[in-house]
Structures are given as C-alpha cells and as structure tokens.
1. Taking residue 30 as the residue in question, decide whether it is within 18 Å of residue 153 (Cα to Cα) and surrounded by 11 or more Cβ atoms within 10 Å (Cβ to Cβ).
2. If I ask for residues that are touching a strand residue (DSSP E or B) at 6+ places or on another chain (Cβ under 9 Å) and either surrounded by fewer than 10 Cβ atoms within 10 Å (Cβ to Cβ) or without any contact (Cβ under 8 Å) to a residue 24 or more places away in the chain (or both), which ones from the range 55-75 would you list?
3. Of these, 89, 95, 71, which one is in contact with a Phe, Trp or Tyr (Cβ under 9 Å, 6 or more places away or on another chain) and within 19 Å of residue 31 (Cβ to Cβ)?
4. If you take the residues of the range 81-112 that are within 16 Å of the chain's Cα centre (by Cα) and in a loop (DSSP other than H, G, I, E, B), which of them is farthest from residue 60 (Cα to Cα)?
5. Within the set of pairs 6+ apart or on separate chains, which have a first residue in the range 113-130 that is aromatic (Phe, Trp, Tyr), a second that is surrounded by 11 or more Cβ atoms within 10 Å (Cβ to Cβ), and C-beta atoms under 8 Å apart?
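Each value in this text was obtained by applying a stated rule to the coordinates, not by laboratory testing. The structure presented is a predicted model; accordingly, all values stated were derived computationally and were not measured. Note that we place each Cβ from the backbone using ideal geometry, even for glycine, and neighbour counts take in every protein chain shown.
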Amino acid sequence: MSGGGALMDMGIYSIQGSRYTLGQEPVSVMARQEKTRPNFFKEVDETIFWELEFPGGFVSTGKSSYNNNWGYLHVEAEHGKFGLEPAYGYGEIEGYTSAGPMKLPQVIHQALQMDDFANCVRQNRQSRVPGEEGLKDMKVVDAIYRSLDSGNKELIV
C-alpha cells in the first residue's frame, strides 16, 4: 500500500542519474525482474533490471535491488569516463574521472535538499528540482512496470 519495492525506493536515483547525465529524456525501456526470496517479496519487487534508450542511440542500463548496497553511477563516453561510487547512500560520495578522483564536498545531501526546499518557500522561488522532474521520473517508472508486465520494450509516454 505504500507504493512499491526496490524500484520505487531506490531505482529512481538511477533513472535520474541517466536523465541528468545525458540531458535528455528516454524514449523506451525494456525491463525484467528477479526474485531470489519470493516468499519475502510477495507484494513488491526485489530486483529490477532495465535498459533505457535515449534519442541519438544512447543507452543506459540500470538495476535496483534490495540485495545490494546503494550502488554506483558509471558513465563511459567518447573521450573518457566518470562516476560516483557509492552514489546514492547517506554517507560520503566518492567520484572519479578518467583524469583522477573528483574532489566532492562531504555533506549530508538530504539536509541540504530540505534546507533548499525551505528556502524556496521562504523566498518564493522555484526549486532546482520541481515537481515536473518527478513526473518525468514517474513516466519512466510506469514504463518499466509496463515492460515487466508485457515482457516487451515499452515506449515512455
């Protein structure tokens, strides 16, 4: 009744990472799921794998699971690579590039986000992450669930 399993809980971060990294919206998705403990995960997903297709032939693969740590973001591009590992947890985030480590401030991300939301209300200004961004994420989530149900690639509408 609370709205989902691993995809709704943590997978959203991977979806956002793909969307924000490419600066584009995905056009289709193919997904599959795995349950190693079906009795425990009767009503929600345990592990979901997906492949997002973007305009221009870009592809992003993602996984969300209750069977692993918070994960990583890894991007390979024509002239190098970069990433975050761990990427989505509550602790320190380590970044790397082809040229070496990223120097990231070690902050409590959730506190900064809540402070920013409060300041947006107090200063009557738009958030950097408006509700429209959440709606874009939810369209991808919906298409992932549709792909799981159909067993086919689904358009993101």
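1. Numbers: within 18 Å of residue 153 (Cα to Cα): yes; surrounded by 11 or more Cβ atoms within 10 Å (Cβ to Cβ): yes.
Yes, satisfied.
2. Taking the range 55-75 first, the residues touching a strand residue (DSSP E or B) at 6+ places or on another chain (Cβ under 9 Å) are 58-68, 71-75.
If the condition is that a residue be touching a strand residue (DSSP E or B) at 6+ places or on another chain (Cβ under 9 Å) and either surrounded by fewer than 10 Cβ atoms within 10 Å (Cβ to Cβ) or without any contact (Cβ under 8 Å) to a residue 24 or more places away in the chain (or both), then 59, 61, 68, 72, 74 are the ones that fit.
3. Details: 89 fails: within 19 Å of residue 31 (Cβ to Cβ); 95 fails: within 19 Å of residue 31 (Cβ to Cβ).
Of the residues listed, the single one that is in contact with a Phe, Trp or Tyr (Cβ under 9 Å, 6 or more places away or on another chain) and within 19 Å of residue 31 (Cβ to Cβ) is 71.
4. 90
5. Partner pairs satisfying both residue conditions: 117/127.
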